[in-house]
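K.L.:
Structure below; questions to follow.
The values are calculated or read from the model by the stated rules, or taken from the named source; none is laboratory data. As the structure is a prediction and not an experimental result, all values here were calculated from the model. Note: ideal-geometry Cβ built from the backbone for every residue, glycine included; neighbour counts use all protein chains shown.
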Amino acid sequence: MNIRKPLLASPARRTLLAGAGAFAAAHGLPALAQATFNPKELPSIPAMDEFLAGRKVQFVRMQLDLPRVADNGNSVPMKLGVLGATAPGAVQSIHLFSEKNPVPRMAVFHFPATTSRFDIESRVRLAGTQRVVAIATLADGTLCAKVAEVLVAIAACLDGS
Amino acid sequence: MADARIQLPPAAKRGENFEVKIAIRHAMETGYRVDDVGKPIPRNVIRELTCKYNGAEVLKVDMSSGFAANPLLQFWLVAQDAGDISFEWSDDLGKKYAEKATLSVA
Amino acid sequence: MRAPALLLLCAAAVVACAALAQTPVAAPAAAPLAAPIPAPPGMPTKRVIPLDQLKSGLAYTGDEVRAQQADDFGNPGMLWVERGEKIWNTADGTSGKSCASCHGDAKQGMKGVSVRYPAIDPATHRLQNIEARINASRVNDQKAAAFTLESEDMLAITAFINMQSRGQPIHVATDGEARAHFERGRAFYYTRRGQMNMSCATCHEQSFGKRLFAETLSQGQPNDFPIYRLEWQTMGSLHRRFRACLYGVRAELQPVGSQDFLDLELFLAWRAEGLKGEAPGVRR
């Protein structure tokens, strides 16, 4: 919610408060599940299928570090890397796909032929507990993929400040 | 007023990789939020960010609302000549931004 | 009937004013203080958390958040600090002065300043927090427009100024004219409110360190504001954090800068005596 304008109790807040309880009930923190996903299986993400266009991926070399449990889905630290890729131009691009975000194609990193280290660090938004897929396109066209699952914690207190 | 911070090593070694960091002040507004009176806040997300090293493109990123607000990006480049590491980015409101830093090469 | 009485009053006022005008040291009248807040039943009158057990909220956050705050590049609050530094050095208002014109290098001049606020302003006898102090300088000295509370510029300049007090211990005065504010702040702190019927103390004095869903309750310390909060996806002041807490317990919100919030801020600063400044903080 935006703070700038009202900073004062507004009529709309009442309806929000009414809805807040229901929201909290529906979004209780899921149990801290063990690895419930198969790391060698891609989740169903139409935007990713479109990118792959039937091409097969290998679950090797791609590195995707995300916390098992994220403090807040608004900002989740992420590291990408491709093992053994040290030659200039070894990797053409890295695609990042989300299973649950409204925009499933989260990011594409394009590398020119001069790049020889493909480690990327950033912070991503994750709309709820889900799997994230990183796919590197190597110079020879090989696709290296990694799937990570992140449990996104919901804030204990609702905030409409 | 600058809307980004760029961090480079004090001096890079020619032929070796050095890390580039950029932090951009931008709401990366998803378009799914509403303000206090229930009015939707229009989407405004950085769509594309490019980095050039002495004029040659060295990284292009297609971005989305999947990046956290005030996005941070860290990546690596190979040091050649001293010069400018320059960034350009634009958002849904059509605003274009640019920021650069100077690299020293030992 | 009324008119002659009014006239008389006016006459008396004129005489009084004339008398005042001749008094060599006419102290301006103290600003009216909001009505006292009645002390809730069982309100502690002494320090509840001993000074040697005070802990910054940072101690109760997760590893990712701690890592973000520790990294002066990765801490998103530093974007505001950098902007604040520019504001500090940029002339504004009809005076043509910048903050630096009078205060010089902030690293020297502002070290240990923000941790002494809120404090009574000797000119107006009102309780001022750092934001109010900044605006007083803007209006009176720079002859510039006050920054709107919670605006990007206000958050930027407070982040910059408060950062100069990193490592400096909080110490505020609660005697003299500050006493009534302190008492109001304490009563506000311990008063149960909202649909959840909770006081600040319910979470932050009786339950800190305990888990609430995926989070750990903190002591509710004010030492690293303004903070970059992941939930807000931006910077916010201590008063915005108060609003978030009030919202959380389903209590009536107040605008940032309200008298209740100022007085509460003073009580919190007393409660945090000796805790060191850590601005800009990062929270989940």
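K.L.:
What pairs can you find where one residue is in segment C:99-124 and within 17 Å of C:GLU278 (Cβ to Cβ), the other is among the hydroxyl-bearing types (Ser, Thr, Tyr), and their Cβ atoms are less than 8 Å apart, with a gap of 6+ or different chains?
P.N.:
C:MET110/C:SER165; C:LYS111/C:SER165; C:GLY112/C:SER165; C:VAL113/C:SER165; C:SER114/C:THR158; C:SER114/C:SER165; C:VAL115/C:SER165
Listed here are the residues, each with its yes/no results for (1) free of Cβ contacts under 8 Å to residues at least 40 places away in the same chain; (2) under 22 Å from A:LEU80 (Cα atoms); (3) among the polar types (S, T, N, Q).
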residue: B:ASP35; (1), (2), (3): yes, no, no
residue: B:GLU48; (1), (2), (3): no, yes, no
residue: B:LEU72; (1), (2), (3): no, yes, no
residue: B:GLN80; (1), (2), (3): no, no, yes
residue: B:GLU99; (1), (2), (3): no, no, no
residue: B:LEU103; (1), (2), (3): no, no, no
residue: B:ALA106; (1), (2), (3): no, no, no
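K.L.:
Return a yes/no flag: does segment B:54-67 have any residue that is more than 10 Å from chain A (Cβ to nearest Cβ) and farther than 25 Å from A:LEU126 by Cβ.
P.N.:
Checking segment B:54-67: at least one residue is more than 10 Å from chain A (Cβ to nearest Cβ) and farther than 25 Å from A:LEU126 by Cβ.
K.L.:
Let me ask another. If I ask for residues that are of a type outside the set (A, V, I, L, M, F, W, C) and within 26 Å of A:VAL69 (Cβ to Cβ), which ones from segment C:241-284 would you list?
P.N.:
Selection gives C:ARG241, C:TYR247, C:GLY248, C:GLU278, C:PRO280, C:GLY281, C:ARG283, C:ARG284.
K.L.:
I need the full set of residues from segment C:220-274 which are aliphatic (A, V, I, L, M) and within 20 Å of C:GLN128 (Cα to Cα), in order please.
P.N.:
The answer is C:ILE227, C:LEU238, C:VAL256, C:LEU262, C:LEU264, C:LEU266, C:LEU268, C:ALA269, C:ALA272.
K.L.:
Which condition number in (1) modelled with pLDDT of 95 or more; (2) within 27 Å of A:PRO104 (Cβ to Cβ); (3) within 14 Å of the chain's Cα centre (by Cα); (4) away from every other protein chain (no Cβ under 11 Å) is the one that B:ASN44 fails?
P.N.:
Unmet for B:ASN44, out of (1) modelled with pLDDT of 95 or more; (2) within 27 Å of A:PRO104 (Cβ to Cβ); (3) within 14 Å of the chain's Cα centre (by Cα); (4) away from every other protein chain (no Cβ under 11 Å): (3).
K.L.:
Could you say which residue among C:ILE130, C:ILE134 is buried (at least 17 other Cβ atoms within 10 Å of the Cβ) and out of contact with any Phe, Trp or Tyr (no Cβ under 6 Å at 6 or more places or on another chain)?
P.N.:
After applying the criteria, what remains is C:ILE134.
K.L.:
Would you confirm, using the coordinates I've provided, whether C:ARG193 is within 26 Å of C:GLU131 (Cβ to Cβ), basic (Lys, Arg) and away from chain A (no Cβ under 12 Å)?
P.N.:
Taking the combined requirement at face value, the residue satisfies it.
K.L.:
May I pose another question? Look at segment B:68-96 and say how many of its residues are away from every other protein chain (no Cβ under 12 Å) and either touching a Leu at 6+ places or on another chain (Cβ under 9 Å) or within 16 Å of B:GLY15 (Cα to Cα) (or both).
P.N.:
The number of residues fulfilling the criteria is 9.
K.L.:
If you scan segment A:129-151, which residues turn out to be in a loop (DSSP other than H, G, I, E, B) and of a type in the set (A, V, I, L, M, F, W, C)?
P.N.:
The answer is A:ALA139, and nothing else.
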